[in-house]
Amino acid sequence: MRRFENELPLSVLKMIIKEIDKESAEKNIDWTYDDVYDDNILELIDSSLKKFGITDIDWEDYGFFWKLYQDNHNFNGEGDITIPRIMSFPVVVKVNVSKYCVEEYLHNIETYSKDYVNSFVYNDPDGFDYYDGKFLDEDVYDSESGEWEIRNIGNGTLVEVKKPKKVLTESQNRELQDLLIMKKTIEQRIKTLSS
């Protein structure tokens, strides 16, 4: 997965926001639309990114660009923007599965001879229930998966694959440049006074 928030300069991200905004207006797709992996949104993002030479993106990256647009939908080209951060959400999926398997259970049979065990189990008048033993293992040799659905989506946590390079806003970048110039001037002044 690429980390476009670290890979692309802020100025390019701003142009991408404006391009996605233009494309969504042309295709009449509202910025509040959350079905980001719908074909219409995927095509809109592909079309917008293609203009910047970005043609090969991962599945998760569509979410990055749509969230970038949603968080900055009222961006007019000036000022700071909000950069989305990837999160990890625990998702519980319920699946209807039919399994064909061999299960093994451990029982402790109390009788007076090993030769009596078969007779004890198969002739038990109360009905021997194999599943009352301790489950040991199963060997699934065939299965069919039926319908499935998402049952629950938990709270997300931020994902940091690697420490991201700090992305400065334009105002922070200007302030940093001013401070670096000031630092150089102070160092030169100290050098002059100390010589």
Checking the conditions here, which among Val159, Val140, Val102 is over 27 Å from Phe4 (Cβ atoms), surrounded by 10 or more Cβ atoms within 10 Å (Cβ to Cβ) and either of a type outside the set (Gly, Ala, Ser) or assigned by TED's automatic domain parsing to the domain that holds Pro9 (or both)? Val140
Condition test on Asn96, is it outside any loop (DSSP other than H, G, I, E, B), free of Cβ contacts under 8 Å to residues at least 60 places away in the same chain, farther than 30 Å from Trp148 by Cβ and not assigned by TED's automatic domain parsing to the domain that holds Asp46? no
Determine whether segment 55-70 contains at least one residue that is under 21 Å from the mean Cα position of the chain (by Cα), farther than 16 Å from Trp31 by Cα, free of Cβ contacts under 8 Å to residues at least 12 places away in the same chain and not assigned by TED's automatic domain parsing to the domain that holds Asp142. yes
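I'm checking my understanding of the structure. Among residues of segment 41-54 that are crowded, with 16+ Cβ neighbours inside 10 Å and within 19 Å of the chain's Cα centre (by Cα), which one is modelled with the highest pLDDT? Steps first, answer last, please.
First, pick out the residues of segment 41-54 that are crowded, with 16+ Cβ neighbours inside 10 Å: 41, 44-45, 48-49, 54.
Keeping just the survivors that are within 19 Å of the chain's Cα centre (by Cα) gives 41, 45.
On the way: Ile41: 89, Ile45: 92.
Restricting to residues being crowded, with 16+ Cβ neighbours inside 10 Å and within 19 Å of the chain's Cα centre (by Cα), the top hit is Ile45.
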In segment 16-40, which residues are farther than 19 Å from Ile83 by Cα and surrounded by 15 or more Cβ atoms within 10 Å (Cβ to Cβ)? Glu23, Ser24, Ile29
Residue count, segment 107-123, condition among the aliphatic types (A, V, I, L, M) and either in a loop (DSSP other than H, G, I, E, B) or in contact with a Cys (Cβ under 7 Å, 6 or more places away or on another chain) (or both), comes to 1
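Can you find, within segment 30-79, the residue that is nearest to Glu19 (Cα to Cα) among those that are in a helix (DSSP H, G or I) and small (Gly, Ala, Ser)?
First pass over segment 30-79, keeping only residues in a helix (DSSP H, G or I): 39-50, 59-71.
From the residues that got through so far, the ones that are small (Gly, Ala, Ser) too are 47-48, 63.
Numbers: Ser47: 9, Ser48: 6, Gly63: 16 Å.
Among them, the one singled out is Ser48.
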Quick one: what pairs do we get from segment 5-29, first residue within 13 Å of His73 (Cβ to Cβ), second assigned to a helix (DSSP H, G or I) and among the aromatic types (Phe, Trp, Tyr), C-beta under 6 Å, 6+ apart or different chains? Ile17/Tyr69; Ile20/Tyr69
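The values are calculated or read from the model by the stated rules, or taken from the named source; none is laboratory data. None of these values were measured; they are calculated from a predicted model. Reconstructed Cβ throughout: ideal geometry from the backbone, glycine too, with neighbour counts over all protein chains shown.
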